Amino acid sequence: RDHFDKVADYWAGPTSRWHLYNQHPHHLMLAEPVRVDAALDDGQELAWGPAKIRVLFTPGHTDGSVSYLVEVDGQRTVFSGDSIYDEGRVWEIYSLQKGFRRGDRGVSDYHGFLGARPQLVESLGRIKAAQPNRLVPSHGNIMADPLQAIDALVRQLDVCYDKYVAISALRHYFPELFSEFAGREDHMPIRPGRPAPQCLRHFGTTWMLVSNDKAAFAMDCGSPRVVEEIKKLLDKGEVHSVEGLWVTHYHDDHVDAIPEFQKEFDCQCITDRHVAEVITDPTAWRLPCISPSVARVDRPSDDGDSWQWHEFKMTAYHLPGQTLYHAGLFVEGQGLRMLFVGDSFTMSGIDDYCAHNRNWLGRGVGFDRCIELIEKLGPTHIFNCHVNEAFDFTPEECRFMRANLAEREELFGRLVPWEHANYGMDEPWVRCFPYEQKAVPGGEVNLGVVVTNHSAESRLAACRPVLPRSWVGAVAENSSMGQANVADWPSTEVPAKSERQVPLVFRVPPNAKPGRYVIPVDLSYGERMLPQFQEAVVVV
């Protein structure tokens, strides 16, 4: 109920904006409240004319999802929300990201890829038990054979989850969560670790490289403790200077203390351009685990940039593994070939347990690109920021992981009704940029709607902002944006496998009161109409 009549509390809460480890409740939330006259209980029955209506609690797609069994004219119809799209399919996958527990071990939503699957399967069982003649979903097709449709979906969810677990990095961190899969011959065995070379130090999520002449090159700084540890090494004479900072990715446990690091150590900060865009302007983004800390990046790197640092050759790469905004650093020297992968791999496989991190499926993108890079570079040691030991992968294991990803692209593609699996996996395939910005009464707001086309052909994208009701008389600068006719909306053609931006311009009314305003965006994409599909925030 609070997510209808008290939505302002959600949008005003800092936990809905920063350090995002939970996706429930989801930010596809009402921008403005709706009055609630009554709240219903599970199993409660209502009468409306000749129809009898029974409430079924069916959590899964969201924590509070309900379905309604309507009995009229001898027919039993379940209005099933987004529990199912049609036979064997759901509208999208990322809403099923949810924390779960096995015995004494539990994880948050962030680590719970398809974590709502058991809850959804249980809810689908409740729908089956109601013995409906048909299902009517919120998104999707009317199903005349509900049992067949539901059974097909449960089977497909099981197959997809099995493929995910087979190469999941999470098996290294939390093996007890996957005990039912232990010993599976069709799952990749977990690699043994090996000691880190003497030229490295590890504390928190920071790896630090130390040269023969005791210069230090740090990677990530997620905590003030890292700064203190480096200062101790300086005091003891184990290092003489700090000469560089490399940032692997934007997550808070890797960047929170970068401002303190940069205040303490006067050295160059280097990272891939994709990472730099986020950590230098975090307010413009809404992503999992995002930090409000702003970093200074002195040298944004391009894929393949190389430089010499003391006896080590360093090469920077875009490494779209754990997140799309992720960097890899390959270091050669002292007879070593070391690849620093941030959080993208562990001994048990790939770190794709959070769909909201933008883990694309497909040849040459996402983890397929990352594993191809490992095959090309042939590192002797791979390093994860959270793991004390080094590891590597054999050529056979690399081939196994890439084959799994290729199969997953097809399997997840069958699970969703889109042209490609990534539409169901990649929630920010439509995003507003900047996500949050400041404005003044009477001032102009420029907002870009960035659309990623995962399809094999180009798509026309058209957008319009949905301005707050309290902005009485407010209009978009382009008056056509308020029109019902989609042909009059600002639009752009998005080439296949590319992203483009649709620019929107509107003006804040002169009498607008101070506050945070949520601006949903309507999207027309190809043949699909997607109302209020994403949002931006304007702070007046």
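The values are calculated or read from the model by the stated rules, or taken from the named source; none is laboratory data. Owing to the predicted nature of the structure, the values given are computational and were not obtained by experimental measurement. Here Cβ is always computed from backbone atoms with ideal geometry, including for glycine, and neighbour counts include all displayed protein chains.
Some points to look at:
- Enumeration of residues in the range 124-149 that are under 27 Å from the mean Cα position of the chain (by Cα) and over 27 Å from Asn357 (Cα atoms): Leu124, Pro137
- Scan of the range 1-32 for residues that are charged (D, E, K, R) and outside any helix (DSSP H, G or I), ordered by number: Arg1, Lys6, Arg17, Glu32
- Qualifying residues in the range 88-136 (those that are farther than 21 Å from Leu56 by Cβ and of a type in the set (Val, Ile, Thr)) - the one surrounded by the fewest Cβ atoms within 10 Å (Cβ to Cβ): Val107
- Check on Val494, in contact with a Lys or Arg (Cβ under 7 Å, 6 or more places away or on another chain) and either under 23 Å from Glu92 (Cα atoms) or of a type outside the set (A, V, I, L, M, F, W, C) (or both): yes
- Pairs where the first residue, in the range 215-238, is over 25 Å from His251 (Cβ atoms) and the second is part of a helix (DSSP H, G or I), C-beta under 9 Å, 6+ apart: Glu238/Lys232
- Candidate set from the range 351-386 (those that are polar (S, T, N, Q) and within 20 Å of the chain's Cα centre (by Cα)); member that is nearest to Ala421 (Cα to Cα): Asn359
- Contact annotation: residue pairs with Cβ atoms under 7 Å, 6 or more positions apart or on different chains, pairing a residue in the range 53-75 that is at positive phi and touching a residue at least 12 places away in the same chain (Cβ under 8 Å) with a partner that is crowded, with 18+ Cβ neighbours inside 10 Å and of a type in the set (Gly, Ala, Ser), are Gly60/Ser83; Gly60/Ala116; Gly60/Ser123.
- Residues satisfying the stated conditions in the range 418-433, i.e. surrounded by 18 or more Cβ atoms within 10 Å (Cβ to Cβ) and of a type outside the set (Phe, Trp, Tyr): His420, Ala421, Asn422, Gly424, Met425, Asp426, Glu427, Pro428, Val430, Arg431, Cys432
- Annotation note: of Glu457, Glu410, Glu444, Glu397, the sole residue that is surrounded by fewer than 17 Cβ atoms within 10 Å (Cβ to Cβ) and outside the structural domain of Leu530 (by TED's automatic domain parsing) is Glu410.
- Meets criteria (within 23 Å of Met143 (Cα to Cα), surrounded by 17 or more Cβ atoms within 10 Å (Cβ to Cβ), among the aromatic types (Phe, Trp, Tyr) and in contact with a helix residue (DSSP H, G or I) (Cβ under 9 Å, 6 or more places away or on another chain)) for Tyr68: no
- Checked against (1) assigned to a helix (DSSP H, G or I); (2) touching a helix residue (DSSP H, G or I) at 6+ places or on another chain (Cβ under 9 Å); (3) within 25 Å of Ile350 (Cα to Cα); (4) assigned by TED's automatic domain parsing to the domain that holds Tyr68, Arg155 meets all criteria but (2).
- Those residues of the range 33-49 which are charged (D, E, K, R), assigned to a loop (DSSP other than H, G, I, E, B) and at pLDDT 95 or above, in sequence order: Asp41, Asp42
- Residue pairs meeting the criteria (Cβ under 6 Å; at least 6 apart or on separate chains; first without any contact (Cβ under 8 Å) to a residue 40 or more places away in the chain, in the range 250-278; second surrounded by fewer than 23 Cβ atoms within 10 Å (Cβ to Cβ) and assigned to a helix (DSSP H, G or I)): Ala257/Pro224; Glu260/Pro224; Glu260/Val227; Glu264/Val227
- In summary, strands (runs of 3 or more DSSP E) completely within the range 250-343 and bearing 1 or more residues that are out of contact with any Gly (no Cβ under 7 Å at 6 or more places or on another chain) and on the phi > 0 side of the Ramachandran plot occur at 327-333.
- If the condition is being more than 26 Å from Ala355 (Cβ to Cβ) and touching a Gly at 6+ places or on another chain (Cβ under 9 Å), then the range 13-61 contributes Arg54, Val55, Leu56.
- Only listed residue being small (Gly, Ala, Ser) and part of a strand (DSSP E or B), chosen from Ser83, Ser67: Ser67
- Any chance Ser179 is surrounded by fewer than 20 Cβ atoms within 10 Å (Cβ to Cβ), small (Gly, Ala, Ser) and touching a residue at least 60 places away in the same chain (Cβ under 8 Å): yes
- In the range 21-38, the residues that are in contact (Cβ under 8 Å) with a residue 60 or more places away in the chain and buried (at least 16 other Cβ atoms within 10 Å of the Cβ) reach residues that are part of a loop (DSSP other than H, G, I, E, B) and among the acidic types (Asp, Glu) with C-beta atoms within less than 7 angstrom, at least six apart or across chains, in these pairs: His24/Asp63.
- The range 326-337: number of residues that are surrounded by fewer than 24 Cβ atoms within 10 Å (Cβ to Cβ) and either touching a Ser or Thr at 6+ places or on another chain (Cβ under 9 Å) or aromatic (Phe, Trp, Tyr) (or both): 6
- Criterion violated by Ser470 - all others in (1) free of Cβ contacts under 8 Å to residues at least 12 places away in the same chain; (2) among the small types (Gly, Ala, Ser); (3) in a loop (DSSP other than H, G, I, E, B) satisfied: (1)
- Failed condition for Ala476, given (1) in contact with a helix residue (DSSP H, G or I) (Cβ under 8 Å, 6 or more places away or on another chain); (2) modelled with pLDDT of 95 or more: (2)
- Here the helices (runs of 4 or more DSSP H) wholly within the range 361-430 that include at least 1 residues being without any contact (Cβ under 8 Å) to a residue 60 or more places away in the chain are 366-377, 395-415.
- Filter pass, Asn404 being under 19 Å from Gln97 (Cα atoms), under 23 Å from the mean Cα position of the chain (by Cα) and not basic (Lys, Arg): no
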